[in-house]
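For reference, the structure is listed below as structure tokens.
Every number here is computed from the coordinates shown, using simple stated rules; none is lab data. Note that the structure is a prediction, hence the values are computed from the model and not measured. Every residue, glycine among them, receives a Cβ derived from its backbone with ideal geometry; neighbour counts consider all protein chains shown.
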Amino acid sequence: MNWIRYALAAAMLLALLAGCAPAFSLAPVEPRTIVTTGDAEVRVVPDEVILTLGVETSSKQLAVAKQTNDERVQAIIAAAQSHGVRPQDIQTEYLHIEPRYRDSYEQRDFIGYFVRRTIVLTLEDIEAFEGLLGSVLESGANYIHGIEFRTTELRRYRDEARALAVQAAREKAAALAGELGQRIGAPQAIQEEASSWFSGYSSWWGGAWGGVAQNVIQNAPAGGLDSGTLAPGQIAVRARVSVTFALR
């Protein structure tokens with residue numbers, strides 16, 4: 001019967017076409033994009049300073065070394081309060097007591113007990129800083145672990161820097177695309193790249209300090225802070241973003 005032969009031929013043709021179907025599939029088209037990075041920096045006059053001090057005393061009698069250290073710390077706290085540092089802005093962060101020997105391996109020739117303590121002072125009046133520094137040194141502080149200038153309005157300046165960074169990324173993308181006769185479209189993705197800061201005095205007794213932050217801290221050197229020489233200048237609040245734009 002002819003209709004049976006036609007049916008079989010049609011079935012074989014359909015099977016053949018089905019087997020060849022993958023050969024006619026189209027690969028997905030990758031979107032046309034451009035990725036740029038924008039950087040921005042906002043300069044800010046600091047309105048706060050954090051002073052990290054160290055007090056070290058020693059004696060062959062532990063009680064004497066500890067008492068001398070306590071007396072110096074109390075004198076430093078009193079000096080700080082006399083310069084306008086509030087009690088809640090005075091913090092003792094680190095206490096360490098260590099016996100020392102000239103031969104540390106065999107512990108021979110005992111030198112004495114060394115007592116160390118760290119004090120952190122937050123001063124809101126920048127102009128009073130030099131007077132405060134002189135007073136705490138006279139009161140018994142024998143180490144300056146860090147002088148950190150910063151702004152109390154970090155959030156506002158951080159938002160400003162971030163907005164400028166986004167604008168810079170857009171302008172860069174438009175310029176690069178224009179050189180190739182293209183235009184940028186809608187943003188496809190945006191990523192903020194965090195900045196990190198670490199104090200220049202990160203080897204202090206309490207260990208490394210600092211951390212991830214949006215602002216970059218200006219650190220003053222430990223030496224050369226005589227009267228009239230402090231120049232805190234400005235701190236830099238920086239932001240960096242990476243933006244992906246469509247090309248059209």
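Note on segment 48-150: Kirkwood radius taken over Cα pairs, Stokes-Einstein applied at 25 °C and 0.890 mPa s, translational D equal to 170 µm² s⁻¹. For Leu176 and Leu137, the FRET efficiency from 1/(1 + (r/R0)^6), where r spans their Cβ atoms and R0 equals 51 Å, is about 0.40. Our estimate of slack between Glu124 and Glu193, defined as 0.36 nm per intervening residue step minus the Cα-Cα distance, is 21.8 nm. Taking other C-beta atoms within 10 angstrom as a stand-in for reagent exposure, Ile111, Ile77, Ile126 fall in the order Ile111, Ile126, Ile77, fewest first. The distance between label points at Leu154 and Gln81 comes to 2.8 nm (points 7 Å beyond Cα on the Cα→Cβ vector). Charged neighbours of Val241, selected by a Cβ distance under 15 Å, balance to -1 (K, R count +1; D, E count -1).
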